[in-house]
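Undergrad: Sending over a structure as structure tokens; questions will come in a sec.
The values are calculated or read from the model by the stated rules, or taken from the named source; none is laboratory data. Note that this is a predicted model, so its numbers are computed, not measured. Here the Cβ positions follow ideal geometry from the backbone for every residue, glycine too, while neighbour counts run over all protein chains shown. When the accessible area is computed, the model is the full protein with side chains, heavy atoms only, and any ligands, DNA or RNA have been set aside. Shrake-Rupley method; radii C 1.70, N 1.55, O 1.52, S 1.80 Å.
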Amino acid sequence: MGGDGPSRGLQANVWKLYLYHFLLNLGLWWPIWVVYLQEEKGLSLGQVGLLEVPFWATIALFQVPAAALADRWGRKLALVLGALALTGAVTLFGLAVGFWMLVLSYVLWAFSFTFTWGPDSAFLYDTLRALGREEDYQRLYGRAWGINMLATVAGTLAGAPIAAATDLQMPILLTIGLAFGAVLVALTFREPLTAFRQEMAASFWAVVREGVAIAVGRPVLRYALLFSGVATLASVGPLLFVQPFLVGHGVTLGQLGFWQAPVRLAGAVGSLWAYKLGALVGEKGGLVALVTLAAAAYGLLALWDSLYAVVAFFAMNLAFVGARPLVTDYLNRRLLSGQRAMVVSLTTLIYALVRIPASPLSGYVASAASLTVAGGVLACLMFGLGLLVLSLWQRAEAREARLPALAP
């Protein structure tokens, strides 16, 4: 592509996306948010899980329109809106008075997800495609998610001592400025979609129709998306269970960050090494290995009631985060630019549809019985559903391999 201005601008998109992800995920609330909701707002663990219902329901309702907006009017606009929504969400979360203000903050948080999870993948892939570097996607997107996880590690290590030195609200308030920094970075992005105008649909609704038709009508894409839903179950433990698990085993507030940091770091390792796993066994083989690892980790949590069972959360987060570069690369290589954000964003929609029942039900089982029982239930679900979707996916790939080559 050379060293001209447009090329330099597109190349800068890569490191700017890294900075955007870092600021967006440097949440100082990471190590204390469940404790904050329980101690400051008086919520039970079941109610904390219940709060996720409007969050994931909002994603389920608005993920498709947000992704279609990114395909029709640009990835940059979507990423700016995502960072703005997060800034508003953290502000409300930190200043919330009453349950319904917390619900509103969760809804805004959900809007942030719809504009970032999916459009960020399409933004990077189209940037690399315009530069003739599509083969670098797995590695660079894995690196972006590695930076996500490193940001959560930094936030986890810093947030707990800040909370211990001040109060549980202070880390949340400090995060507002970091989220707004991501807005400023997104405003400097160069839009990569302009290089592929000929592949774009004629209207917003055409983007929606074509994207859904492709995802539903092509079985290999459909089952790849469903398998990403199975991988979503790996996220329940690191997000919902880890803090009550640590507190229940005697870890103090000031130590929460120390114990959770390796969990976040394991996610960074998963994302940074996912492309190597994909190169070794393929995207599908890598996804199968990661889902199996997460299911086994839930089994360990169910069988070993010890503080050292925290290693199970390492494996869960590694599997969940490592799966995203693999599944999005599998989808991206089978899509045109005018469909990319729409179809890839369906991974987030499926993520939401899985978390809507999984979070409150898992929280209820953990509250009514124990974390070990909840771990056993999730282990069985991941093993059973993983085997079912995998068999359907393999059949779909075999059928597609027998079909004549399709024209672009």
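Undergrad: Looking at (1) surrounded by 17 or more Cβ atoms within 10 Å (Cβ to Cβ); (2) assigned to a helix (DSSP H, G or I), can you tell me which one residue 184 breaks?
TA: Single failed check for residue 184: (1).
Undergrad: If you don't mind, another one. Could you please find all residues in region 146-168 being within 30 Å of residue 273 (Cβ to Cβ) and either open to solvent by 10 Å² or more (accessible area, probe 1.4 Å) or acidic (Asp, Glu) (or both)? Reasoning before the result, please.
TA: Residues of region 146-168 that are within 30 Å of residue 273 (Cβ to Cβ), as a first pass: 146-161.
If the condition is that a residue be within 30 Å of residue 273 (Cβ to Cβ) and either open to solvent by 10 Å² or more (accessible area, probe 1.4 Å) or acidic (Asp, Glu) (or both), then 147, 149, 150, 153, 154, 157, 158, 161 are the ones that fit.
Undergrad: Restricting attention to region 290-301, which residues are open to solvent by 40 Å² or more (accessible area, probe 1.4 Å) and closer than 15 Å to residue 230 by Cα? Give the derivation first.
TA: Filtering region 290-301 for residues open to solvent by 40 Å² or more (accessible area, probe 1.4 Å) gives 292-293, 296, 300.
Within region 290-301, 292, 293, 296 qualify.
Undergrad: Given the condition over 21 Å from the mean Cα position of the chain (by Cα) and modelled with pLDDT under 85, answer yes or no: does some residue in region 338-353 qualify? Don't jump to the end; show me each part of the working.
TA: First, pick out the residues of region 338-353 that are over 21 Å from the mean Cα position of the chain (by Cα): 338.
Of the ones still in play, those that are also modelled with pLDDT under 85 are 338.
Looking for residues that are over 21 Å from the mean Cα position of the chain (by Cα) and modelled with pLDDT under 85, one finds at least one in region 338-353, hence yes.
Undergrad: Looking at (1) over 22 Å from residue 125 (Cβ atoms); (2) in a loop (DSSP other than H, G, I, E, B), which is the one condition that is false for residue 189?
TA: (1)
Undergrad: Among the residues of region 39-65, which ones are surrounded by fewer than 16 Cβ atoms within 10 Å (Cβ to Cβ), assigned to a loop (DSSP other than H, G, I, E, B) and on the phi < 0 side of the Ramachandran plot?
TA: 40, 44
Undergrad: Looking at region 309-329 only, could you name the residues that are aromatic (Phe, Trp, Tyr) and either surrounded by fewer than 24 Cβ atoms within 10 Å (Cβ to Cβ) or modelled with pLDDT under 90 (or both)? Steps first, answer last, please.
TA: Step one: of region 309-329, the residues aromatic (Phe, Trp, Tyr) are 313-314, 320.
Of everything in region 309-329, just one residue is aromatic (Phe, Trp, Tyr) and either surrounded by fewer than 24 Cβ atoms within 10 Å (Cβ to Cβ) or modelled with pLDDT under 90 (or both), namely 314.
Undergrad: I would also like to ask the following. Need pairs with beta-carbon distance below 6 Å; first residue modelled with pLDDT of 90 or more and within region 279-306, second of a type in the set (A, V, I, L, M, F, W, C) and surrounded by fewer than 16 Cβ atoms within 10 Å (Cβ to Cβ); sequence gap 6+ or separate chains.
TA: none
Undergrad: Another one. Test residue 378 against the stated conditions and say whether it is part of a helix (DSSP H, G or I) and over 20 Å from the mean Cα position of the chain (by Cα). Explain how you work it out, then say what you get.
TA: Values: part of a helix (DSSP H, G or I): yes; over 20 Å from the mean Cα position of the chain (by Cα): no.
Criteria not met by residue 378.
Undergrad: Quick check on residue 178: is it over 26 Å from residue 7 (Cβ atoms) and out of contact with any strand residue (DSSP E or B) (no Cβ under 8 Å at 6 or more places or on another chain)? Please lay out each step first, then the result.
TA: Values: over 26 Å from residue 7 (Cβ atoms): yes; out of contact with any strand residue (DSSP E or B) (no Cβ under 8 Å at 6 or more places or on another chain): yes.
Here the answer is yes, as residue 178 does meet what is asked.
Undergrad: While we're here: Can you say whether residue 343 is crowded, with 16+ Cβ neighbours inside 10 Å, farther than 22 Å from residue 237 by Cβ, in contact (Cβ under 8 Å) with a residue 24 or more places away in the chain and touching a helix residue (DSSP H, G or I) at 6+ places or on another chain (Cβ under 7 Å), as far as the supplied structure shows? Lay out the reasoning, then the answer.
TA: Numbers: crowded, with 16+ Cβ neighbours inside 10 Å: yes; farther than 22 Å from residue 237 by Cβ: yes; in contact (Cβ under 8 Å) with a residue 24 or more places away in the chain: yes; touching a helix residue (DSSP H, G or I) at 6+ places or on another chain (Cβ under 7 Å): yes.
Yes: the conditions hold for residue 343.
Undergrad: Checking residue 304 against (1) under 21 Å from residue 388 (Cβ atoms); (2) surrounded by fewer than 23 Cβ atoms within 10 Å (Cβ to Cβ), which single condition isn't satisfied?
TA: So the condition that residue 304 fails would be (1).
Undergrad: Another question, if that's okay. Does residue 90 satisfy the condition of being assigned to a helix (DSSP H, G or I) and either without any contact (Cβ under 8 Å) to a residue 24 or more places away in the chain or open to solvent by less than 40 Å² (accessible area, probe 1.4 Å) (or both)?
TA: Values: assigned to a helix (DSSP H, G or I): yes; either without any contact (Cβ under 8 Å) to a residue 24 or more places away in the chain or open to solvent by less than 40 Å² (accessible area, probe 1.4 Å) (or both): yes.
The answer is yes for residue 90.
Undergrad: May I pose another question? Provide a single number: the residues in region 137-190 that are under 20 Å from the mean Cα position of the chain (by Cα) and of a type in the set (S, T, N, Q).
TA: 5
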